[in-house]
């Protein structure tokens, strides 16, 4: 890219040389600005590539435009010699825009040896990586010099084949520049007989087309839209955005899981097994996040998996017969479905219950969507497909589907923490709502819940098969991908602007901070978090008063998420503004976040400590996201959280509703009495090196030298501090999460970090490939289609009979079966991860919470325990009491972490044998 060229041109002009008379015109983008902005400006880059071959054609081009960025004379002559030998010239034009008009443009080029052809597969990726490295390096130079941030990187068609064929080329701009990469078709491709437009035109058009998909609220987020014809979700702007590749997913995944995943992909594609999934919204919330990732992956592997949502444009949808708009954004429908959720989860107001009019409105809304969008497209949406319904919002659709297609196989996936002990009691609001919803759900073939047995009502267990699996998060999206120095600085600026606007608090990043990313929901324990933080700060103040005070300022507190949770958001601010909190109010930032995954990912990546103090919980995969970033986390034992946190290894578990336990850990962690030994080292998650990008001394050959790690402010730099100002001996990791991420971002082409490099990392069960493999297994069993070696030939990337044997180990058969409910009878109440991984499952994985214990699930034994639990005979002995004791044997659980300190109380149980496991 021509970032450096203008500087050289100015030097030549200063020396009195006429560069135009040399027929070597130099065009470029400036790497500096005369302005001195206080914060980063949002800008957008458009690029168009051309590949030239043939010395005469290249010579004519150079005569017209020049090489682009200036080169030393010796380098330029070397390039000319290579061109004479038959090498190709890759040129590109770039445009920078502020979204209204173009700010500047320029060209650049580089010589590549493509004489062996452009379709050489991985053998040709070396040249592609060189191009990506050059473009990213020069882009970072411009961004740093001008104090700007590139929100999108829009590349225009036509794209040379060797760049298009490399799956990691376009995603590299997302993972190394933090710019959303678009591949935009050019409208001029529709016309013939006209001269080819300039690269500047192509690049400008790419920017204009891409900006249409950005959120007006925050330019780093994309609006997810649905087709006006059938309401199928257009993930990644209908395929124009390219943030992921199969190669990157493979790099993040263990070989044993990848082999199973690809075998299931071949089986599903070979047997033409198709799926349609229906959920409430295309954007916002965990279900939408995991669905976006799954559809993105289905496209990469060629699986036919549709995703549809109800209509959302209330200004275009006519009023229905009962006088309300059939639209998820209509407040009446939103309130009704939100009421379903809150009642089932036990967090609704006491006077809330199911009303007859709610049923009428709810069913009318579903029927309107069905008749207007899905019935006219029935063959495409429901024909010869397995249907998945997510959560209660669309359950009234089930009988409508069955009415037209009685043999259709339907799965109900519950993502909420249904309070089964209340739904099982007649005349409770929970029973009223659930019995109504179950009237639809009982017509499906399979019930899938989070891995907590208490979330499954009794009437479900008695009438249909049940499977357990957690939600997932995507390692490649903005919540989880490593973010480099420039992205961190920009996102922190953006956060502080929001924080000052909402609560007049500016975060001092050098102090470090504690963070909880959670909805402003009654069940998320936000008052407990505020109380714990106040307790922690008061303990520090008391300790300082008795000893010489340290100059080190304690970490601040950030509570962020959910732009819709107004009631709890306001209540949290009222607490912080009360008299008891006067001393720390200026250190607490409570913010409703805009829809930006990268903002949340940046804040989590830089945290000193994370918390998840839910009083009730489903699974909360944000816990695994924090653990994946190697951020110490303090979380409660609510719901499925204990399945993610290994106490004292990757975090600490505390009883719900006891903020003093959290304050204990925060104080001991800050004072250096406890710590987690999870260093970023080669053997525990460092990106795997290759000879292309690292020299013989092990130093990166790419762009990491542009930025010094010492320049990167990291919140993980909070060191244990004694009150006398000294630092106790510590096993502090050699570099922080921010530094680790910056190394990855700076090393173009480095393989993506694995999500499960060691036993302290979260299970692959909680990430996209694990989730996709589970669904492929469920679809395969539901379909009843036979496993055949013909779908696993070497040409298809398979191992023939070995793959069939592997599929048999997962429960598939060599003969066609009926599928449906019958296929799951032998697996009833099992964890899908266990079914998938078999003997390759890691120790402690595939567990289910039964009576507040994480167990290796045995349905027969579990039913006996459940009966005891319902009779009140053996429930309490599995709980953690307020003193931090495990009541089973009375032993005090004082071991938390790799240091010495006070006990914070948790005894987890592995299996049904009652053994204490201090994971």
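Projecting the alpha carbon convex hull of segment 127-263 along each direction and taking the average yields 11.9 nm². Rounded to two decimals, the Cα-based Rg/Rh of segment 274-464, with Kirkwood Rh, is 0.95.
Please report the equivalent ellipsoid semi-axes of segment 578-682, computed as sqrt(5 x eigenvalue) of the Cα gyration tensor, largest first, in whole Å.
21, 18, 17
One decimal place: the segment residue 256-residue 786 gains 188.6 nm when fully extended, by the rule 0.36 nm per residue minus the C-alpha distance.
Expressed as a fraction of 2.2 N^0.38 Å, the C-alpha radius of gyration for segment 332-382 is 1.46. Each peptide in 346-352, 229-235, 641-647 receives the mean, over its residues, of other Cβ atoms within 10 Å, and ordering these scores from highest gives 641-647, 229-235, 346-352. Residue ranges 171-179, 423-431, 364-372 sort as 171-179, 364-372, 423-431 when ordered by packing (mean number of other C-beta atoms within 10 Å per residue, highest first). In bins 10 Å wide, starting from 0, what share of all Cα pairs of segment 222-315 does each bin hold, as a percent? Cα pair-distance distribution for segment 222-315, in percent: 14, 44, 32, 8, 1, 0.
With a Förster radius of 30 Å applied to the C-beta separation of residue 82 and residue 192, the computed FRET efficiency comes to 0.30.
Compute the normalised compactness of segment 126-180: alpha-carbon radius of gyration over 2.2 N^0.38 Å, N being the residue count. The partial results should precede the final answer.
Values: Rg = 11.5 Å, N = 55, 2.2 N^0.38 = 10.1 Å.
In units of the globular-protein estimate, segment 126-180 measures up at 1.14.
In terms of overall dimensions, segment 170-248 has a Cα radius of gyration and Dmax of 14.6, 42 angstrom. Between residue 338 and residue 378, the distance separating the two model label sites (each 7 Å from Cα on the Cα→Cβ line) works out to 3.5 nm.
Laboratory data are not the source of any read-out in this text; all were calculated from the coordinates shown. Small disclaimer: the values here were computed from a predicted structure and weren't measured. In this analysis, Cβ positions are derived from the backbone assuming ideal geometry, glycine residues included, and neighbour counts consider all displayed protein chains.
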